[in-house]
Amino acid sequence: MYLASILFRALPGEAEGISFLDFIRNTGFGQTTPGNLVMIAMGLLFIFLAIRKEYEPLLLIPIGFGMVAGNMPYNPELMPIGYQDPGSVFGLFYYGVRSGLFPPLIFLGIGAMTDFSAMLSNPKLLLLGAAAQVGIFLTLLGSLFLDFNLKEASAIGIIGGADGPTAIFVASQMAPHLLGAIALAAYSYMGLVPVIQPPIMRLFTTPAERAIRMKPSRQVSQKEKILFPIVAFIVTAFIVPGAIPLLGMLFFGNLLKESGVTRRLAEGAQGPLNNIVVILLGFSVGTTTLAGTFLTVSSLKIFAMGVVSFAIATASGVLFAKFMNLFLKGENRINPLVGAAGVSAVPVAARVAEMEGRRADPKNHLLMHAMGPNVAGVIGSAIAAGVLLSVVK
């Protein structure tokens, strides 16, 4: 009876009750805006693509559900539950994004599950990973043309590396107000690599080029695998100190894997720890896509530049592989499809190269070859981020 009294009538005196209409106004139904519905629908679309089309479900499901949760309407004065509200649970999750904590932990897991053998067995594939980073710097210039300042343009440009953690890390340091849009664009396009890349790969290659068979990779010794993360970190750290948080964790994770004596730590880094961070990172990114701040002209420009950057990065890798073939003969030639894997979306870009190669020749397997520029792209995007952090910030 008391509950009914406070819902349907106001209590007399100074301590007034809550009318039924006030109750409705304070529910999500009373706070809903068209923007909320648009963003919730977008989140549901991400979940659909992840489940039905299997487009990077480990990324799109946490992001999509985070978008739905973050855009559920509420009254912040009565219920401070959003990521921007001090002390809220979503705010605590978001701290890992805003502070730059989550990206290095993701790199630790990537390093612990990455095999650099394909790149070490054929070092020239490293050049393809570097070539694909052209997308970062051309996107930076394009963003400046669209009236973003230098720091904002630098953060947007990292989307071209197809590396979500790196994009988040740079955005948190240089353009935190654009973090939600940049993170969502980076992770969305990482998930849509199987859709974006194939048409570009076919456009810049002939059927004969797509059917090129590459010679088998040489066997890489365990000693090489152990020395690589140590030497590579020392060299890159001296050259690009700004990349130390990302590359340090990447090579540390790889050393845990290859040393042979820290298997439990490597399994923890690539398994439970990585899974937890991916869940929190993806969900937190989704909750930042508030309709009021996300559905803006700036966000639309960022998404447009994201598509352009992926296209440029893919085309750059393919065209540079064709350029290298001018100087290579016979079995030393490179299948240009492998160049598209120079973006650092590991291992999805390598799988796309494999699928496109098998369409041209069902018996041609490019996956292991494509992993070379693919892991090189991870290193390349982190180095590019370090350069921008050192020079621009």
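Of note:
- Considering (1) buried (at least 17 other Cβ atoms within 10 Å of the Cβ); (2) in a loop (DSSP other than H, G, I, E, B); (3) free of Cβ contacts under 8 Å to residues at least 60 places away in the same chain, the lone condition that S217 does not fulfil carries the number (3).
- Evaluating F238 against the criteria (1) among the aromatic types (F, W, Y); (2) free of Cβ contacts under 8 Å to residues at least 12 places away in the same chain; (3) surrounded by 15 or more Cβ atoms within 10 Å (Cβ to Cβ) leaves one unmet condition, (3).
- Beta carbons closer than 6 Å, at least 6 apart along the sequence or on distinct chains, pair a first residue in the range 189-203 that is surrounded by 18 or more Cβ atoms within 10 Å (Cβ to Cβ) with a second that is hydroxyl-bearing (S, T, Y) for G191/Y55; Q197/T314; I200/T314.
- Filtered residue count, the range 58-71, keeping only those that are crowded, with 17+ Cβ neighbours inside 10 Å, of a type outside the set (V, I, T) and under 21 Å from P272 (Cβ atoms): 4
- Filtered by the rule that a residue be assigned to a loop (DSSP other than H, G, I, E, B) and of a type in the set (A, V, I, L, M), the range 321-346 gives L326, L328, I334, V343, A345, V346.
- Subset of the range 158-172 that is more than 21 Å from F46 (Cα to Cα) and either at pLDDT below 90 or among the β-branched types (V, I, T) (or both) - its residue that is surrounded by the fewest Cβ atoms within 10 Å (Cβ to Cβ): S172
- If you go through the range 357-391 and keep only what is over 19 Å from P165 (Cβ atoms), surrounded by fewer than 22 Cβ atoms within 10 Å (Cβ to Cβ) and in contact (Cβ under 8 Å) with a residue 60 or more places away in the chain, you end up with R359, A360, D361, N364, M368.
- Given (1) in a helix (DSSP H, G or I); (2) over 23 Å from V193 (Cβ atoms), number of the condition K363 does not satisfy: (1)
- When F294, F310 are screened for being more than 22 Å from L125 (Cα to Cα), under 19 Å from the mean Cα position of the chain (by Cα) and among the aromatic types (F, W, Y), only F294 passes.
- Filter pass, V308 being part of a helix (DSSP H, G or I) and touching a Phe, Trp or Tyr at 6+ places or on another chain (Cβ under 7 Å): no
- L7 being out of contact with any strand residue (DSSP E or B) (no Cβ under 6 Å at 6 or more places or on another chain), surrounded by 14 or more Cβ atoms within 10 Å (Cβ to Cβ), over 24 Å from L178 (Cβ atoms) and at pLDDT below 85: yes
- Number of the exception - M113 against (1) under 25 Å from G286 (Cβ atoms); (2) surrounded by 24 or more Cβ atoms within 10 Å (Cβ to Cβ): (2)
The values are calculated or read from the model by the stated rules, or taken from the named source; none is laboratory data. This structure is a prediction, so every number in the text was calculated from the model and none was measured. Note: ideal-geometry Cβ built from the backbone for every residue, glycine included; neighbour counts use all protein chains shown.
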